[in-house]
1. I need the per residue convex hull volume for the range 119-243, using only the alpha carbons, in cubic angstrom as a whole number.
2. For each cysteine in the chain, check whether another cysteine's C-beta sits under 4.7 Å from its C-beta; list those where none does.
3. Which whole-number percentage describes the relative contact order of the chain, with Cα contacts under 8 Å and a sequence gap of 6 or more?
4. Amide H neighbours of residue 137 under 5 Å, at least 5 residues apart or on other chains, H built in the peptide plane: list them.
5. State the answer as a single residue: which of 20, 228, 123 lies farthest towards the positive end of the charge dipole of the chain, with beta carbon charges of +1 for Lys and Arg and -1 for Asp and Glu, about the Cα centre.
6. Looking at the chain only, what percent of DSSP beta bridges run antiparallel? Nearest 5 please.
7. Using +1 on the beta carbon of Lys and Arg, -1 on that of Asp and Glu, and nothing else charged, what's the dipole of the range 7-116 about the Cα centre, debye to 20?
8. Tell me the mean residue ellipticity at 222 nm calculated for the chain from its helices only (DSSP H runs of n ≥ 4, each -39500 (n - 2.57), averaged over every residue, nearest 500).
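None of the figures in this text is laboratory data; all of them are computed from the coordinates on show. Treat the numbers as computed from the prediction; the structure is a model and nothing was measured. Neighbour counts run over all protein chains shown; Cβ positions are idealised from the backbone, glycine included.
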Amino acid sequence: RMLRAMDPDIVCIQEWYDQTPATLEEWFNRELPIAGTWRAFTSQGRGVAVVTRFDATGFGPDAITISPEGSDRTVRSASAMVDTPAGSMVVTSVHLKCCGAYGGREDMLRMAEAEGIVAMHQSQIEDPASTAVVIAGDYNLVGGTEPLGVISAGLDSDGSDLSIIEARGLATPAMYTWTEPTSSFLPGRLDYVAFADARLDVERAFVFDPARLDAPSRVALNLQPTDAAASDHRPIVVDFRAR
């Protein structure tokens with residue numbers, strides 16, 4: 001119901017485990033029928049995917065492998081080159097290492113994963129000047145914010161850093177994207193969207209939680225107030241247009 005209400009063109013997925021492109025396409029084509037067919041792109045990074053209604057091709061290697069602790073580690077990242085009305089766009093879904101604290105092991109792994117994602121983009125984008133980059137997903141920034149800076153460094157089409165979208169919740173100034181009522185942790189901001197502002201403008205952006213809509217709006221959108229509880233994360237919705 002939430003995906004139907006959002007009516008997305010591109011969806012960045014995390015934590016939908018053990019799916020193939022075919023099973024994801026089957027689900028989207030069944031639950032969100034469109035004029036055409038959905039296309040899904042996964043990788044060896046577990047649980048991540050990019051799904052789109054536009055023409056698209058897979059982007060980059062099937063796996064980003066790093067060895068920050070001496071043994072190979074596959075980064076949870078999947079990418080697609082999407083042919084959008086705003087031009088060619090490399091869209092990457094990421095899910096960085098969870099947990100830990102500032103400066104700890106997990107924080108260092110997040111940094112290493114971010115560096116691997118940036119290196120992949122730099123080596124694979126053939127025409128940076130005409131390609132917009134969007135990197136979205138669960139950054140798991142429970143320690144420092146450094147991985148966010150690393151993952152956006154120098155990837156805009158003009159050589160500058162990607163910009164970070166400041167998406168707030170509906171009817172609230174809060175920016176939380178994660179909440180779990182049974183957890184001892186307060187709601188927090190774990191999910192981010194980094195984008196190429198040299199090629200894209202943001203028309204609107206918000207964190208979507210049906211519980212914050214009034215009753216008439218939920219009825220119009222066929223939503224229940226508890227629909228977002230299907231996940232402990234809330235989706236960030238962004239409308240881009242070509243600059």
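1. Working: hull volume 16.3 nm³, N = 125.
Spread over its residues, the Cα hull of the range 119-243 gives 130 Å³ apiece.
2. If one checks each Cβ against the other cysteines of the chain, 12 turn up with nothing under 4.7 Å.
3. On the way: 527 pairs, mean separation 36.6, N = 243.
Relative CO of the chain lands at 15 percent.
4. Close amide H contacts, sequence-distant or interchain: 94, 192.
5. Result: 228, furthest along the dipole toward the positive end.
6. On the way: 37 of 46 bridges.
Around 80 percent of the beta bridges assigned by DSSP in the chain are antiparallel ones.
7. Working: 9 positive and 16 negative charges, 28 e Å.
About 140 debye.
8. On the way: 5 runs with 50 residues, N = 243.
When only DSSP H runs of four or more count, the value is -6000 deg cm²/dmol.
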